[in-house]
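Q: Take a look at the following structure, please.
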Amino acid sequence: MQAQLMPPPVLRGVITPHDDELSPEGRSFRQLSLSLTNLCSLACPDCYAGCQIPRKAQQLLRPEICELLKEAKELGGQTLRLTGGDVFLHSFFFARRDKERFPLLRLARAVGFDIIVLTDGSRLTDQICQSLKRLGASLLIKLWGPSLVQEALTGARGLFRPGDYREVGGLMIPQGLTCALRAGLQNTKPSSLGIQVMVTRENLAFVPRIYRWAREQRVVPFVELKMGSGTGQYLTTQALAALFEELRVVDNQLGFDWIPTAPVAGWSPCLRRYYGLVVQPDGQLTSCSATEPLGSIREGQTLRSVWESSEYEAYLKEVEALAPADDPRRWNAGCRCHCYLRHRDALAPYEFLLSGLDKKEKALP
């Protein structure tokens, strides 16, 4: 008799909402995402924040962050997700001249948050990874593929030196990721180490091997479709579906199963808008990194005033109405991933998504 397949492992701190929370009325605030800064030394093609475009530096201020942590906890927040730009370029995250080094993480742990840190890994060392492990933080490290592919797609030529890569299982893995492995972040229960792989035509051939390697190392792989500007070329919808099915076969062989659906292979549909808010470097509040602003903490709005507003509830109901109730992808309605699947256009204007689904599909270039 064949053993029953289980859902794939999740990264420590990742929110998996209960069924009764997946409605405008039943939603529960559980995650605060802070995009600390738009400063970055990479030019990743999937960047929602446009950090690859030279512009005025923006970042959340320390008093703003402290107030947001307090308010999020009062709303019931459990997880703090930190992104950028590069979080290591924000002095409240990484204080080079402070012996505590990670003042924001220490404050977040004292308040009672689980922590997820998204990083390109270029500034990770053995000492830093050990410190992050002691602070109970999970790391989600960007990985595009072999060294030349990684550098070409991130605009990082010269940032990663030849010695920054190590061969692991036939793959050239950036040194930052090997530091995290040596620190044993993958050995916590659940695992505190994940990789984020944005799929383009350039790295498509390497993704199944990276995915299998990650699973075998207890590293949680987040394989996502590319949805930004930059150098990487988009997949066709058919190619993306074929890749997700191939990754599902890999997981079946390892004892896991899931329904292939955007935005992340091996994971549930995106439900972020039902359990949290994102604060951008300029103080704008959004339901996701890629959606239109709902307000701004610098214009008098707060997490609570947006989360509990009738306007936000109406927005969720409008988004829900975009897909039939029996469609397993319905929770993606209204986001760019859903638009990619339904219209083959991940860059459609957001107004287009909320104006009703156009039945005429467009082919990707």
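Q: Failed condition for D114, given (1) more than 19 Å from E67 (Cα to Cα); (2) modelled with pLDDT of 95 or more, with all others met?
A: That leaves (1) as the condition not met.
Q: Residue check: is L240 in a helix (DSSP H, G or I), open to solvent by less than 10 Å² (accessible area, probe 1.4 Å), farther than 28 Å from Q130 by Cβ and modelled with pLDDT under 80?
A: Judged against the criteria, L240 is a match.
Q: Determine which member of the set F206, F256 is surrounded by fewer than 21 Cβ atoms within 10 Å (Cβ to Cβ) and modelled with pLDDT under 90.
A: Selected residue: F206, the only one of F206, F256 that is surrounded by fewer than 21 Cβ atoms within 10 Å (Cβ to Cβ) and modelled with pLDDT under 90.
Q: Take the range 88-110 and flag every residue that is under 19 Å from the mean Cα position of the chain (by Cα) and not in a helix (DSSP H, G or I).
A: Listed by number, the residues that qualify are H90, F93.
Q: Would you pick out the residues in the range 110-140 that are in contact (Cβ under 8 Å) with a residue 60 or more places away in the chain, among the charged types (D, E, K, R) and surrounded by fewer than 23 Cβ atoms within 10 Å (Cβ to Cβ)?
A: Answer for the range 110-140, where residues must be in contact (Cβ under 8 Å) with a residue 60 or more places away in the chain, among the charged types (D, E, K, R) and surrounded by fewer than 23 Cβ atoms within 10 Å (Cβ to Cβ): just D114.
Q: With G85, G77 as the choices, which residue is part of a loop (DSSP other than H, G, I, E, B) and in contact with a Gly (Cβ under 8 Å, 6 or more places away or on another chain)?
A: On inspection, the qualifying residue turns out to be G77.
Q: In the set C288, C339, C335, which member is surrounded by 18 or more Cβ atoms within 10 Å (Cβ to Cβ), modelled with pLDDT under 95 and in contact with a Lys or Arg (Cβ under 6 Å, 6 or more places away or on another chain)?
A: C288
Q: Considering only residues of the range 188-205 that are hydrophobic (A, V, I, L, M, F, W, C) and in contact with a strand residue (DSSP E or B) (Cβ under 9 Å, 6 or more places away or on another chain), which is farthest from V219 (Cα to Cα)?
A: Ranking the qualifying residues of the range 188-205, first place goes to V199.
Table: residues versus (1) part of a helix (DSSP H, G or I); (2) at pLDDT 90 or above; (3) closer than 21 Å to L11 by Cβ.
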position	(1), (2), (3)
Y211	yes, yes, yes
G228	no, no, no
Q233	no, no, no
F244	yes, no, yes
P281	no, yes, no
E292	no, no, no
R298	yes, yes, no
Y312	yes, no, no
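The values are calculated or read from the model by the stated rules, or taken from the named source; none is laboratory data. Predicted model only: the values in this text are computed from it and were never measured. Counting neighbours? That spans all protein chains shown, and the Cβs are built from the backbone with ideal geometry, glycine included. To get the accessible areas, we keep the full protein, side chains included, count just its heavy atoms, and leave off ligands, DNA and RNA. Shrake-Rupley method; radii C 1.70, N 1.55, O 1.52, S 1.80 Å.
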